[in-house]
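Asks: Below is a structure I'd like to ask you about.
Nothing in this text is a laboratory measurement; each read-out follows from the coordinates by a stated rule. No experiment lies behind these values; they were computed from the predicted model shown. All Cβ positions, even for glycine, are placed from backbone atoms using ideal geometry, and neighbour counts span all protein chains on display.
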Amino acid sequence: MDGSSGRDRVPGGARASRRARQQQIRELVRSREIQNQQQLADLLTEEGFEVTQATVSRDIADLGLVKVGRGSHHVYAAPADLLAASPRDDEMLRRVLRDVPVEVRRSGLTLVLVSTAGTASILAEAIDLSTLDDQVGTLAGDNTVLVLFADEVGLEGWRARFEALTADRSSR
């Protein structure tokens, strides 16, 4: 016996690599509207992967997949796929802010944006691609984005515009 539990195998007994499974997940998310983990697990099974819900959950976290609105429902999307928005356009940031709650805090000339686990990188990227340009830069962790400013005027102007974009979310 090889000591494995039998999970994450493909037909024929060969152990499926995590890389192959995650590549398949990327392709499925890109080509299908996957609304939940069970649907993703079922599709992976159809593709020959034996997976558990826990494995799918870990893969979603590893890949940084986020839920985005598509019509009347939410589906998984890869951050790279969301970056297809036009450069220097606020649409991607609006889409992210519709789906991700963000709390704004301040420390000196830094705004601290606190969101939900695993969403900071897509939030920072959406900010970087938006028309918000008073910031010196952004730095993303797991659920926190630091937005850095050179001066008070830039920080206050940026914050007012960001809060206006956030308010757009509640009016929809």
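Asks: How much length is gained if the chain between residue 161 and residue 61 is pulled fully straight, taking 0.36 nm per residue apart and subtracting their Cα-Cα distance, in nm to one decimal? If you can, show how the numbers build up before the last one.
Replies: Values: separation 100, 0.36 × 100 = 36.00 nm, distance 3.05 nm.
Length gained between residue 161 and residue 61: 33.0 nm.
Asks: Tabulate in residue order the Karplus-calculated ³J(HN,Hα) for the range 105-121, using 6.51 cos²θ - 1.76 cosθ + 1.60 with θ = phi - 60°, rounded to whole Hz; enter x for Gly and Pro.
Replies: For the range 105-121, the Karplus curve yields 10, 9, 9, x, 9, 10, 9, 10, 9, 10, 10, 8, 3, x, 10, 5, 5 Hz.
Asks: Further question on the same structure: Kindly write out, for the range 50-66 in residue order, the coupling ³J(HN,Hα) from the Karplus curve 6.51 cos²θ - 1.76 cosθ + 1.60 (θ = phi - 60°), rounded to whole Hz, with x marking Gly and Pro.
Replies: Per-residue couplings from phi come out as 9, 10, 9, 4, 5, 5, 4, 4, 5, 5, 4, 5, 4, 7, x, 5, 10 Hz.
Asks: In addition: Could you go through the range 17-32 in sequence order and give the Karplus-derived ³J(HN,Hα) for each residue, using 6.51 cos²θ - 1.76 cosθ + 1.60 with θ = phi - 60°, rounded to whole Hz, and x for Gly and Pro?
Replies: Result, rounded to whole Hz: 6, 4, 4, 5, 5, 5, 5, 5, 4, 4, 5, 5, 5, 6, 9, 10.
Asks: Right, another one. Under 5 Å between amide hydrogens, which residues at least 5 positions from residue 34 or on another chain qualify, with H placed 1.01 Å from N in the peptide plane?
Replies: Those lying under 5 Å, H to H, from residue 34 are 76.
Asks: When the chain is fully extended, how far beyond the present Cα-Cα distance does residue 42 get from residue 121, taking 0.36 nm per residue of separation? Present the calculation step by step, with values, prior to reporting the outcome.
Replies: On the way: separation 79, 0.36 × 79 = 28.44 nm, distance 2.81 nm.
Contour length minus Cα-Cα distance gives 25.6 nm.
Asks: Can you compute the FRET efficiency between residue 31 and residue 89 using 1/(1 + (r/R0)^6), with r the Cβ-Cβ distance and R0 = 22 Å? Round to the nearest 0.05. The partial results should precede the final answer.
Replies: On the way: r = 25 Å, r/R0 = 1.12.
For R0 = 22 Å, the calculated efficiency reads 0.35.
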